[in-house]
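The values are calculated or read from the model by the stated rules, or taken from the named source; none is laboratory data. For clarity, every value in this text was computed on a predicted model and none was experimentally measured. Positions of Cβ are generated from backbone atoms using ideal geometry, with glycine treated the same way; all protein chains shown enter the neighbour counts.
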Amino acid sequence: MNVEEQIKDILARITRVDKSIITRQSTFKEIKADSLDVVQALVAVEETFGIEIPDEDAQKFQNFGDFVSYVESRLPQKEKV
Amino acid sequence: MENKNTVQNGRVRVAVDAMGGDYAPEEIVKGAVLAAKKEDVEIFLVGPPKLLQQELAKCKVSNGSYVHIVEASEFIKENESPVDVIRRKPNCSVAVAAKMVKSGEADALYSAGSSGAVAISAIQFIGMLDGVYRPALVGSLGSFAPDTVMVDLGANVDCKPDQFLTFAIAGSVYAKRFLNIADPKIALLSTGSEETKGNQVVREAYSLLKSSGLNFVGNIEGGDILNGRANVIVCDGFVGNVVLKFYESIGGYAQVWTEQKLRKHPPLRALARLLFKSLFPATKISGETEKQSGGILWGVDGVVKIAHGASRARQIANGIESAKEAVKAGVVESMKSELARFNQGGKS
């Protein structure tokens with residue numbers, strides 16, 4: 001499973017929305033994720049990929065695509081399948 | 001680790017957030033010491049050890065016997081975001097107390113700190129029961145409507161429609177366990193009895209409740225809250241909290257109004273004062289009984305009790321006592337089994 005699908009799974013599990021409605025253009029508001037959902041997703045993503053996402057970086061995510069791109073940019077090349 | 005929720009040696013182990021509350025740690029420690037005088041409880045005070053040892057010394061209790069200190073150097077201040085518990089202070093006092101419940105080192109968490117921080121600690125570090133999104137606060141309406149509970153009373157200001165289902169299940173478990181109602185009638189609080197009344201979330205919740213298999217009797221309006229039409233009144237935490245505080249204020253305002261009206265008739269005024277004094281504690285919405293402060297967070301995979309921030313030692317002791325009783329009553333196990341029956345399509 002690629003990075004985008006893994007993050008989508010995490011977000012769908014936490015917000016309990018249908019995974020199919022999450023696109024790269026989806027904002028957190030559109031998928032009805034409140035601040036706690038977002039923080040839980042950040043923690044879960046950090047644990048899954050073994051990275052740290054500083055708050056100042058997370059605050060710049062405008063949509064799901066930004067989140068995915070950021071995580072991909074932080075991973076070693078071989079993991080970005 | 002799994003939440004074992006096992007009572008050790010006949011004593012219920014309560015992890016107390018010693019740094020949460022307007023009068024923490026002094027009143028929390030005093031309350032914990034009072035509570036620990038009972039033979040069936042063991043207290044773990046979570047906070048900075050040096051500070052807690054000083055407070056225990058004031059109570060002439062050393063760290064030992066059935067009051068223990070568990071180290072947590074940080075705590076959440078009132079002006080901090082509750083979400084900070086997860087990202088910035090995962091080892092603060094309330095988080096450490098929650099982790100003790102998760103690991104099985106404690107049977108219950110008790111805190112008078114920020115409600116949001118307690119709820120977030122419970123969600124993140126203990127976890128929710130299967131099928132429950134967020135915890136809810138349930139309360140009985142007391143003497144005016146002794147067979148009625150409301151849920152949610154303020155834990156969830158913005159709700160998704162399916163949360164109302166778990167609110168209904170939590171309310172049903174409460175009504176069965178604490179009010180001895182075999183098959184509680186569940187109603188949705190709305191602006192009219194028709195299915196089409198209410199905002200979008202309430203209308204969607206109506207559809208879900210109608211097809212849920214629960215004992216759903218439809219919408220009720222504000223005027224029906226006290227008339228017994230429903231045993232479980234379901235609403236979002238915004239509405240529930242407004243109703244709760246309005247309801248709790250009625251007694252005081254009614255007394256002032258009545259005494260003003262009778263100011264030219266001193267004997268009647270004195271009689272009215274006497275009547276109000278004996279009757280109007282009835283308007284306090286309770287956790288399980290009037291003497292207890294705060295409420296249980298329903299839907300968490302462990303007993304979590306939130307106290308009012310302004311609680312003093314006596315209320316803290318009562319709250320710890322009620323957390324202990326909730327463990328003994330098996331409220332989490334009851335909620336689990338109701339959810340399991342519901343998820344399997346059975347009637348809750």
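Answer yes if at least one residue in the range A:53-62 is touching a helix residue (DSSP H, G or I) at 6+ places or on another chain (Cβ under 8 Å) and in contact (Cβ under 8 Å) with a residue 40 or more places away in the chain, and no otherwise. Write out each step before concluding.
We begin by selecting, within the range A:53-62, every residue touching a helix residue (DSSP H, G or I) at 6+ places or on another chain (Cβ under 8 Å); these are A:53, A:55, A:57-58, A:60-61.
Then drop every residue that is not in contact (Cβ under 8 Å) with a residue 40 or more places away in the chain, which leaves none.
Scanning the range A:53-62, I find no residue that is touching a helix residue (DSSP H, G or I) at 6+ places or on another chain (Cβ under 8 Å) and in contact (Cβ under 8 Å) with a residue 40 or more places away in the chain, so the answer is no.
Which of the residues spanning the range A:13-55 are assigned to a helix (DSSP H, G or I), within 14 Å of chain B (Cβ to nearest Cβ) and closer than 14 Å to residue A:71 by Cα?
A:41, A:42, A:43, A:44, A:45, A:46, A:47, A:55
Given the criterion surrounded by fewer than 16 Cβ atoms within 10 Å (Cβ to Cβ), at pLDDT 85 or above and not in a helix (DSSP H, G or I), identify the matching residue among B:305, B:328, B:264.
Details: B:305 fails: surrounded by fewer than 16 Cβ atoms within 10 Å (Cβ to Cβ); B:328 fails: not in a helix (DSSP H, G or I).
B:264 is the lone residue from the list that is surrounded by fewer than 16 Cβ atoms within 10 Å (Cβ to Cβ), at pLDDT 85 or above and not in a helix (DSSP H, G or I).
So which residues in the range B:133-192 are in a loop (DSSP other than H, G, I, E, B), away from chain A (no Cβ under 14 Å), over 19 Å from residue B:341 (Cα atoms) and among the hydrophobic types (A, V, I, L, M, F, W, C), if there are any at all?
Result: B:141, B:145, B:153.
What is the residue count in the range B:100-128 for residues that are surrounded by fewer than 23 Cβ atoms within 10 Å (Cβ to Cβ), away from every other protein chain (no Cβ under 14 Å) and closer than 28 Å to residue B:343 by Cβ?
Of the residues in the range B:100-128, 3 are surrounded by fewer than 23 Cβ atoms within 10 Å (Cβ to Cβ), away from every other protein chain (no Cβ under 14 Å) and closer than 28 Å to residue B:343 by Cβ.
Quick check on residue B:176: is it farther than 20 Å from residue B:295 by Cα and of a type outside the set (Asp, Glu)? If you could, list the steps in order and put the result at the bottom.
Details: farther than 20 Å from residue B:295 by Cα: no; of a type outside the set (Asp, Glu): yes.
No, not satisfied.
Which condition does residue B:228 not pass, out of (1) part of a helix (DSSP H, G or I); (2) under 26 Å from residue B:278 (Cα atoms), if it passes all the others?
Only one criterion in (1) part of a helix (DSSP H, G or I); (2) under 26 Å from residue B:278 (Cα atoms) is unmet by residue B:228, namely (1).
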